[in-house]
Every structure is written in structure tokens, then in C-alpha cells.
Amino acid sequence: QVQLVESGGGLVQAGGSLRLSCAASGRTFSSYGMGWFRQAPGKEREFVATINWSGGATSYADSVKGRFAISRDNAKKTVYLQMSSLKPEDTAVYYCAARASILTSYNRDEYSVWGQGTQVTVSS
């Protein structure tokens, strides 16, 4: 089973960009579908983006489509979330997650491994 550690969060002005990274340990990273989720204060954890085992298939929440891009490097056992044109409503703790399937999924219940999260704050 993989373990996940996120990094790259921080404070950014509206309109700015950030790139989140999620480093995985374990030998079978390439067999996991990966996802990014976020949770704002007082709200449920919500889907942001997902990517399949090869990086050939991705899916996004409507709220981030066209602004965020998910990618992965299986050799480095890392998944990324490039965030551009950030808005104050993107402020949240961002979590990386892995599911024991090569496919994508927007359903958080299908993810069995979670990172500790990284805070993203977008100021107006």
C-alpha cells in the first residue's frame, strides 16, 4: 500500500498560481488511480481532479475545469496539481488520495489512502 505526502501549498493572491505535489512511497504507485480533493472550513470534502494509472485519462470538477491540471510522473512516484487563475473560493486544505484501481474516480469513498493535506489560501 502506498503512503502519500502533499506539499506546495501556501498563500497566493487571486489570479496567481500554485503547483501542489503528492509524493508516494511503495512499489505499486503506477497501479493506483489518483485524485485531488479539497475541504474548506465548514464544508464537506469535495472532488477536484482525478487521473488514471498512465496519465492518459483525467477528469475535473466543473469549478476548476480550465484552471487546474492534474498530472503524474510514475518514475518519480508523484502526482501534481497545477492551479492557475486562483480564486478566493479555492481556499481549502487540499488532499491527495489513491485508489486501488487503475481508473479515475470522482467518488471520495472509492479512495482508500489519503495524505495529510496541504493548506491553500487565496487572498482577494
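Within the chain, DSSP assigns beta bridges of which about 90% are antiparallel (rounded to the nearest 5). Compute for region 30-98: radius of gyration divided by Kirkwood radius, i.e. Rg/Rh, restricted to C-alpha atoms, rounded to two decimals. Result: Rg/Rh = 0.97.
Accessible surface of the chain, 1.4 Å probe: 47 percent of it comes from carbon and sulfur atoms. The chymotrypsin sites (Phe, Trp or Tyr not before Pro) found in region 34-124 that occupy coil by DSSP, while having at most 15 further C-beta atoms within 10 Å, are Y106. Annotation: lysines with alpha-carbon distance below 28 angstrom to K77 (same-chain offsets under eight excluded): K65. Temperature 20 °C, viscosity 1.002 mPa s: under these conditions the Stokes-Einstein estimate for the chain, based on its Kirkwood radius over C-alpha pairs, is 152 µm² per second. Summing Lys, Arg as +1 and Asp, Glu as -1, what charge do residues with Cβ under 12 Å from the Cβ of S30 carry, S30 excluded? Its environment carries a net charge of +3. The charge dipole of the chain, taken about its Cα centre with unit charges on the Cβ of Lys, Arg, Asp and Glu (plus for the first two, minus for the last two), comes to roughly 260 debye.
Here the contact order of region 13-78, divided by its residue count and restricted to Cα pairs under 8 Å and six or more residues apart, works out to 30 percent.
When the trypsin sites (Lys or Arg not before Pro) in region 1-106 are filtered for DSSP coil states and for at most 14 other beta-carbon atoms within 10 Å of their beta-carbon, the remaining sites are R27, K43, K65, K76. Using a cut-off of under 18 Å, list every residue of region 83-100 whose amide N is near the label point 7 Å from the Cα of Q116 along the Cα-to-beta-carbon line. Within reach of a label on Q116, which here means backbone N under 18 Å from a point 7 Å along Cα→Cβ, region 83-100 contributes 93-98. For region 1-73, GluC sites (Glu not before Pro) meeting the loop criterion (DSSP other than H, G, I, E, B) and having at most 10 other Cβ atoms within 10 Å: E44.
The values are calculated or read from the model by the stated rules, or taken from the named source; none is laboratory data. Remember, it's a predicted structure, so these values are computed and weren't measured experimentally. Glycine also receives a Cβ, built like all others from the backbone with ideal geometry; neighbour counts cover every protein chain displayed. The protein model used for the area step is the full one, side chains on, heavy atoms only, and it has no ligands, DNA or RNA in it. Shrake-Rupley method; radii C 1.70, N 1.55, O 1.52, S 1.80 Å.
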